[in-house]
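Notes to accompany the following structure.
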């Protein structure tokens, strides 16, 4: 046995896998978009199993509330870059893997350039906007991508754009509207569920790369953690979804992993924030507002971008925090590098804390 392959002996011994499949893994490049609950098990297993090159893409930092499901990280690493910490640990796990760190969010501006050199793309993101963008970029460049998603105690897995198979848009033709998307902070997840779904994604990646087994192309696997039941839904390709030649003009809303929320208590502790934008109506603003705030009602936000200094931190406020969260999502699409915050609880919470 070649010394560098000896660690994979147990899977090479599998009659239906063998040395040929192992060599295919060694010669493969996989991009993982998102290093959270799904991306962590995907990265760990693909790295351990001998995939030759991994790209790790995320611009988020480790938070304490991540740790119950993102088991690669520790409390001592809170505040550090996810991709940097993950890369360091994965290199220790398997020094033979070539690991590329991409500390950025997957956006329309970098999508095509980012995925062009990879064999398989793994969607380990946490939002619809990124999924549709991944899908469209993969269709344009003819790349398969392995999808995983979570909801409550359930998870979903599928493989799109594989060997002329259906795309993500064939299953979900239209992106949900903002008001139909669950709030990232309120929609919880049981820690073990992402580990299960991420492991299933890693298995699908291996099957795509080696040709072993039956790939979940044209099939959506739905896993229920409470009942330990699996459902398999079959769906067909829609030819019009495969003719895409350019990305859409917009992909809507920002990743949940982008921390756009600021607690009202933390806001009040700031030393004279310079740019506070109140997105309530003019009538609401005139009743009471934060001293020094500028009133730009939410419906007028897109037409008033020239009034905003995107080089200075932007603090958005409304009555309860809902409209300011929508405003933050809008602004980050046009200015992803700006520091944009929605004040949680809005003027209701600020007024309560100030009295």
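Computed from the coordinates by the stated procedures, all read-outs in this text should not be read as laboratory data. Owing to the predicted nature of the structure, the values given are computational and were not obtained by experimental measurement. Backbone-built Cβ (ideal geometry, glycine too); neighbour counts: all protein chains shown.
Each peptide in 342-354, 29-41, 67-79 was scored by the mean count of other Cβ atoms within 10 Å over its residues; highest first, the order is 29-41, 342-354, 67-79. Using the rule -39500 (n - 2.57) for each DSSP H run of four or more residues, divided by the residues of the chain, the 222 nm mean residue ellipticity is -9000 deg cm²/dmol.
Averaged over residues, the count of other Cβ atoms within 10 Å places the peptides 95-103, 323-331 in the sequence 323-331, 95-103, highest first. In the frame of its principal axes, region 113-168 has Cα extents of 34, 21, 15 Å, reported largest first.
What percent does the relative contact order of the chain come to when contacts are Cα pairs within less than 8 Å and at least six residues apart?
Reported as a whole number, the value is 14 percent.
Over region 1-131, the Kirkwood radius and the radius of gyration, each from Cα atoms, give a ratio Rg/Rh of 1.00. Here 45, 251 are placed in order of increasing Cβ neighbour count within 10 Å, fewest first, which gives 45, 251.
From the alpha carbon centroid of region 145-165 to that of region 200-225 is 8 Å.
Remark: 65, 162, 272 ranked as 272, 65, 162, counting other beta-carbon atoms within 10 Å and listing the fewest first. Among 15, 113, the ranking by other beta carbons within 10 Å of each residue's beta carbon, starting with the fewest, stands as 15, 113.
Shape class for region 3-242: rounded, because the ratio a/c of the largest to smallest gyration tensor axis (alpha-carbon atoms, square roots of eigenvalues) is under 1.5.
Working value for region 261-353: equivalent-ellipsoid semi-axes of 18, 15, 12 Å, each the square root of 5 times a Cα gyration tensor eigenvalue, largest first.
Take each of the peptides 334-340, 287-293, average the number of other beta-carbon atoms within 10 Å over its residues, and list them starting from the highest.
In descending order of packing, they fall as 334-340, 287-293.
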